[in-house]
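K.L.:
Handing you this structure, nothing more for now.
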Amino acid sequence: MVCFRNVSKLYPGGQPAVENLTLDIDRGAITVFVGPSGCGKTTSLRMINRMVEPSAGTVLVDGTDVARRPAAALRRTMGYVMQSAGLLPHRTVLDNIATVPRLNGVPKAQARRRARELLDVVGLSGDLGGRYPAQLSGGQQQRVGVARALAADPPILLMDEPFSAVDPVVRAELQQELLRLQQDLAKTIVFVTHDIDEAVVLGDKVAVFATGGRLAQFAPPAEILRAPVDDFVAGFVGRDRGFRALGFDSADGLVLEPARTAAAGSLADAAPGGWLLVTDDAGRPAGWLPPGARGHGAVVTGGSLFVLGSSLRQALDSALSSPSGKGVAVDAGGRVAGLVDAGTVLRLIRADRHA
Ligand SMILES: Nc1ncnc2c1ncn2[C@@H]1O[C@H](COP(=O)(O)OP(=O)(O)OP(=O)(O)O)[C@@H](O)[C@H]1O
């Protein structure tokens with residue numbers, strides 16, 4: 001879909017911003033460009049829509065050299081989302097979203113109707129449509145930015161650090177929202193970030209750029225975590241990469257232990273013994289009663305939950321973070337499904353490695 005062929009970029013009087021980049025971006029997938037500041041990620045992204053022209057080499061979209069297509073027409077086939085959302089301050093949210101369809105000749109009423117639908121798609125209430133960008137939070141502005149980029153239904157979305165100006169909680173929400181959207185839309189997305197964790201969460205494939213505009217590694221995120229090609233990538237990926245790589249391992253083979261549970265209302269009568277898992281009326285975990293303790297006041301909470309069907313990372317984390325030493329597995333409805341032992345997880349990892 002998008003191919004870089006021996007592409008270099010040298011800005012006047014500078015070091016190479018991008019050096020001999022050859023890369024194929026898969027259709028319908030999220031490709032993340034990641035790397036330290038100044039390594040040529042934005043320059044590479046902008047060569048796709050001709051905001052920057054290469055000094056050498058070719059960028060192809062669907063087999064056609066982008067240099068042979070008029071820049072304005074090319075850009076209308078690609079949504080573009082940037083860090084500051086880039087909304088027009090004197091236009092309402094709806095009119096911001098409708099901008100490109102209007103440029104493409106879509107009648108006003110129709111463009112606004114579509115803009116209203118898109119607000120819903122990106123998880124915003126329709127009431128916000130009449131507001132101006134300054135009347136929105138940073139996270140809401142970014143969602144409007146995504147809606148605007150989707151408005152003309154372009155096959156390609158270019159996203160340049162779109163979530164880096166918002167706080168970590170909103171950022172994680174926006175990431176999950178993008179993944180959810182992508183399941184329905186299957187756009188070809190090129191996403192720039194300097195955050196390796198964001199790259200690993202979002203990318204079907206991750207391109208790690210090194211200083212000097214050199215592509216150091218291009219691979220699925222699990223491979224980047226497990227097998228960084230050199231010291232630069234290993235250093236950039238950072239600590240805990242072995243643990244983080246477990247996020248890509250299925251926990252389906254994990255055998256759960258049965259949980260000894262007691263409903264929160266019956267704690268006064270609970271039989272003493274080992275740790276007792278306390279549940280609410282719906283069977284959801286509510287905390288642990290330590291051995292020998294009695295009554296509600298003694299319940300300790302904490303510990304992450306392992307949702308069935310998720311990864312070995314979540315399974316191991318639930319065990320390691322649990323007050324009792326046993327992680328709590330829950331079904332999709334949040335009800336207790338069993339307990340997870342760290343040793344069991346490690347044995348499964350070992351067995352998988354030797355399989
Ligand atoms: N318009 C320009 N004129 C001259 N040099 C530029 C221009 N734009 C970028 N550069 C230089 O090219 C190099 C790559 O910049 P680029 O913005 O592509 O990097 P980046 O990886 O996206 O960085 P960041 O994460 O900081 O945004 C940098 O050294 C930068 O200073």
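The values are calculated or read from the model by the stated rules, or taken from the named source; none is laboratory data. Treat the numbers as computed from the prediction; the structure is a model and nothing was measured. Every residue, glycine among them, receives a Cβ derived from its backbone with ideal geometry; neighbour counts consider all protein chains shown. Surface accessibility is based on the protein's heavy atoms, side chains included, excluding ligands, DNA and RNA. Shrake-Rupley method; radii C 1.70, N 1.55, O 1.52, S 1.80 Å.
K.L.:
Select from the range 292-315 the residues that are outside any strand (DSSP E or B), out of contact with any Asp or Glu (no Cβ under 7 Å at 6 or more places or on another chain) and open to solvent by less than 70 Å² (accessible area, probe 1.4 Å) and list them in ascending order.
P.N.:
292, 293, 295, 298, 299, 302, 303, 309, 310, 314, 315
K.L.:
Among 291, 285, 258, which is within 32 Å of the chain's Cα centre (by Cα) and over 30 Å from residue 34 (Cβ atoms)?
P.N.:
Of 291, 285, 258, the one residue that is within 32 Å of the chain's Cα centre (by Cα) and over 30 Å from residue 34 (Cβ atoms) is 285.
K.L.:
Having 2 or more residues that are under 20 Å from the mean Cα position of the chain (by Cα) is the bar; report the strands (runs of 3 or more DSSP E) wholly within the range 26-93 that clear it. Can you show your working first?
P.N.:
Details: elements: 30-34, 56-61, 78-82.
It comes to 30-34, 78-82.
K.L.:
Can you spot a residue in the range 223-234 that is surrounded by 12 or more Cβ atoms within 10 Å (Cβ to Cβ) and touching a residue at least 40 places away in the same chain (Cβ under 8 Å)?
P.N.:
The answer is no, given that none of the residues of the range 223-234 is surrounded by 12 or more Cβ atoms within 10 Å (Cβ to Cβ) and touching a residue at least 40 places away in the same chain (Cβ under 8 Å).
K.L.:
Say whether the condition of being within 16 Å of the ligand (Cβ to nearest atom), outside any loop (DSSP other than H, G, I, E, B), open to solvent by less than 10 Å² (accessible area, probe 1.4 Å) and modelled with pLDDT of 90 or more is met by at least one residue in the range 149-158.
P.N.:
First, the residues of the range 149-158 that are within 16 Å of the ligand (Cβ to nearest atom): 158.
Retained after the next criterion (residues that are outside any loop (DSSP other than H, G, I, E, B)): 158.
When the remaining residues are screened for being open to solvent by less than 10 Å² (accessible area, probe 1.4 Å), the result is 158.
Then keep just the ones that are modelled with pLDDT of 90 or more; that gives 158.
Within the range 149-158 (the criterion being within 16 Å of the ligand (Cβ to nearest atom), outside any loop (DSSP other than H, G, I, E, B), open to solvent by less than 10 Å² (accessible area, probe 1.4 Å) and modelled with pLDDT of 90 or more), the answer is yes, since at least one residue qualifies.
K.L.:
Determine if the range 33-47 includes at least one residue that is within 11 Å of the ligand (Cβ to nearest atom), open to solvent by 10 Å² or more (accessible area, probe 1.4 Å) and more than 18 Å from residue 199 (Cβ to Cβ).
P.N.:
Looking for residues that are within 11 Å of the ligand (Cβ to nearest atom), open to solvent by 10 Å² or more (accessible area, probe 1.4 Å) and more than 18 Å from residue 199 (Cβ to Cβ), one finds at least one in the range 33-47, hence yes.
K.L.:
Please work out which one of (1) part of a loop (DSSP other than H, G, I, E, B); (2) more than 28 Å from residue 110 (Cβ to Cβ); (3) hydrophobic (A, V, I, L, M, F, W, C) is the condition residue 190 fails and give its number.
P.N.:
Against the list (1) part of a loop (DSSP other than H, G, I, E, B); (2) more than 28 Å from residue 110 (Cβ to Cβ); (3) hydrophobic (A, V, I, L, M, F, W, C), residue 190 comes up short only on (1).
K.L.:
Looking at the range 79-103, which of the residues that are open to solvent by 70 Å² or more (accessible area, probe 1.4 Å) and over 22 Å from residue 160 (Cβ atoms) is modelled with the lowest pLDDT?
P.N.:
102
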